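To keep things clear, I will list the structure first and then write my remarks on it.
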Amino acid sequence: MNTAVQLRDTTGTHSFPGTLSLRQRKSQDPISDECIWQNFLSTHRIIHLLRPDFFMIYKCSKGLTLFERNISLELGTGDVTGERIMQSFMPPDQVNIKAVDKAMHHMTTERKLQPFDYVFRVCGNVDCSNPSLKRIMRTSFIIHSNKAGTPELIFYCFHDVSSMVSSIRPNNYDITFDPLQAHLGVELGSRLKSVRPDVSSITTREKEIVQCLHQGMSSKEIAGHLFISKATVDTHRQNMLRKWELPNTAALLKKAVEEDWL
């Protein structure tokens, strides 16, 4: 007989029909992905604890989203999906996130990391029609591995952290390993050196903005000079600070002199 598990979150109650406790299933019966992630959500009360704006369950081996739900994330017009959120990240952030994801995927597969062996957080600026949304943080971790020890199901959640921009490290990612797996932090650092994008170069538009800043122009003045919007100028300035992990415009101009960009 089917039962229903109630998942409570900030928007109310969500029912997952037909969910059975893993203990209620016969040991010889194969456990479906649906049963695993439904029991995970109901047992761990993850929505209540993390209070995400959006969350999803992802199957690694098939590159498939099994379930996703938008709670309060506003990208502007249109439906909010995990794919759309990732596409909303600014191009430099997409490159950075994909690079770190690639390193993590290889390491979790090779080291056969298990559920909750790590918590992976990464942030990025977004470009969407919602003017109040500036920055999103994605949090992820394994919730199920197969019999071979290979990660199968990943939990992803997204938070609007626009108000926290100043307190988040530029070009940020943070991967916290379980104490028994803490040594993997050094290994990950080595892997990232080979897969993260080269940030030593500067684009033509970035150089134009740096040259204008060197002349003492404000973002508004730069926008008029280059015939682009002030928001675009501000975005480029923030991207450059994050790209080279610099604290402010003065540090950016110092780097520009060192790299002979002026």
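Within region 148-186, being farther than 20 Å from Thr108 by Cα, open to solvent by 40 Å² or more (accessible area, probe 1.4 Å) and modelled with pLDDT under 90 holds for Ser163, Met164, Val165, Ser166, Ser167, Arg169. Scanning region 72-91 for residues that are open to solvent by less than 30 Å² (accessible area, probe 1.4 Å) and of a type in the set (Val, Ile, Thr) yields Val80, Ile85.
When Asp53, Asp9 are checked against the criterion of being open to solvent by less than 60 Å² (accessible area, probe 1.4 Å), over 20 Å from Phe116 (Cα atoms) and at pLDDT 95 or above, Asp53 stands alone in meeting it. Would you check if there is a residue in region 64-71 being free of Cβ contacts under 8 Å to residues at least 60 places away in the same chain, among the acidic types (Asp, Glu) and open to solvent by 60 Å² or more (accessible area, probe 1.4 Å)? Yes - at least one qualifying residue is present in region 64-71.
Just one of the listed residues (Asp101, Asp93) is of a type in the set (Asp, Glu), under 26 Å from Arg191 (Cα atoms) and in contact with a Gly (Cβ under 6 Å, 6 or more places away or on another chain), namely Asp93. With respect to the conditions (1) more than 15 Å from Phe54 (Cα to Cα); (2) modelled with pLDDT of 90 or more; (3) in contact with a Phe, Trp or Tyr (Cβ under 7 Å, 6 or more places away or on another chain); (4) small (Gly, Ala, Ser), Ser145 lacks only one, and its number is (3). Inside region 104-133, residues that are basic (Lys, Arg) and buried (at least 20 other Cβ atoms within 10 Å of the Cβ) make up a count of 0.
Considering only residues that are crowded, with 20+ Cβ neighbours inside 10 Å and touching a Phe, Trp or Tyr at 6+ places or on another chain (Cβ under 8 Å), which ones fall in region 33-45? Across region 33-45, the qualifying residues are Trp37, Gln38, Leu41. The helices (runs of 4 or more DSSP H) found entirely in region 190-244 include none that carry 3 or more residues being in contact with a Ser or Thr (Cβ under 7 Å, 6 or more places away or on another chain) and among the hydroxyl-bearing types (Ser, Thr, Tyr).
The values are calculated or read from the model by the stated rules, or taken from the named source; none is laboratory data. None of the values given here were measured: they were computed from a predicted structure. In this analysis, Cβ positions are derived from the backbone assuming ideal geometry, glycine residues included, and neighbour counts consider all displayed protein chains. Surface accessibility is based on the protein's heavy atoms, side chains included, excluding ligands, DNA and RNA. Shrake-Rupley method; radii C 1.70, N 1.55, O 1.52, S 1.80 Å.
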